[in-house]
Amino acid sequence: MRFPIGLCTALAALTATAPAFGAGLTVTNTVFSQQRSTAPDGTTKIALTPATRVTPGDRVVYQLAYRNGGAQPIEGLTLNNPLPDALTYRGPAQGSPAPEVSVDGKTYGPLATLKVRGADGAWHAARPEDVTHVRWRIANALPAGAAGKVAFEAVLK
């Protein structure tokens, strides 16, 4: 079964917050499909292509590109992306800083520090399958005209 990637992107409601960021901030959420191929030397090469259709089990990369088109620096920028139910979080994308993750949309941190309540009522360490949100806090002020990108990998259920 194949799903149009629009189904997944429609479920991901990105929010960007910053004190007084004004109208200059733009954030674009793009979904890429990972295409694996074997090179002549036997190594595996991974190429990212815009995702148009994905199949359960396919790995995708969600990339959030942000830009300050305003005249003033933006400080305190936070990019928060709920994870669509159709996806399972796998980790930060290559070259991207690791996001903080959440299993409830309220408490964020490294996955290893989070706990979830199991069906038996006991608490256990959170797993990638438990992640519901990813968030990046941009530590430095984003100067006028500056841009950046962050990304995470996920698998279609």
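The values are calculated or read from the model by the stated rules, or taken from the named source; none is laboratory data. As the structure is a prediction and not an experimental result, all values here were calculated from the model. Don't worry about glycine lacking a Cβ; one is built from the backbone with ideal geometry, like all the others, and counts go over all protein chains shown. Heavy atoms of the whole protein, side chains included, go into the accessibility calculation; ligands, DNA and RNA do not. Shrake-Rupley method; radii C 1.70, N 1.55, O 1.52, S 1.80 Å.
Taking the stretch 67-119 as the region of interest, how many residues are part of a loop (DSSP other than H, G, I, E, B), touching a helix residue (DSSP H, G or I) at 6+ places or on another chain (Cβ under 8 Å) and buried (at least 16 other Cβ atoms within 10 Å of the Cβ)?
5
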### Task
Please work out which residue is least open to solvent (accessible area, probe 1.4 Å), limiting yourself to the stretch 132-151 and to residues that are touching a Lys or Arg at 6+ places or on another chain (Cβ under 9 Å) and part of a loop (DSSP other than H, G, I, E, B).
A146
### Query
Which of the residues belonging to the stretch 134-157 are closer than 12 Å to T26 by Cα and basic (K, R)?
K149
### Task
Consider only pairs whose beta carbons are under 8 Å apart and that are at least six residues apart or on different chains; among these, list those whose first residue lies in the stretch 128-149 and is at positive phi and whose second residue is of a type outside the set (K, R).
G145/N68; G145/G69
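Looking at V131, is it within 10 Å of the chain's Cα centre (by Cα), modelled with pLDDT of 95 or more and of a type outside the set (F, W, Y)?
Working: within 10 Å of the chain's Cα centre (by Cα): no; modelled with pLDDT of 95 or more: yes; of a type outside the set (F, W, Y): yes.
It is false that V131 is within 10 Å of the chain's Cα centre (by Cα), modelled with pLDDT of 95 or more and of a type outside the set (F, W, Y).
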### Task
Answer yes or no: is there a residue in the stretch 2-14 that is open to solvent by 50 Å² or more (accessible area, probe 1.4 Å), under 15 Å from A86 (Cα atoms) and at pLDDT 55 or above.
no
### Message
When you scan the stretch 50-59, do you find a residue that is surrounded by 12 or more Cβ atoms within 10 Å (Cβ to Cβ) and modelled with pLDDT of 85 or more, even just one?
### Response
yes
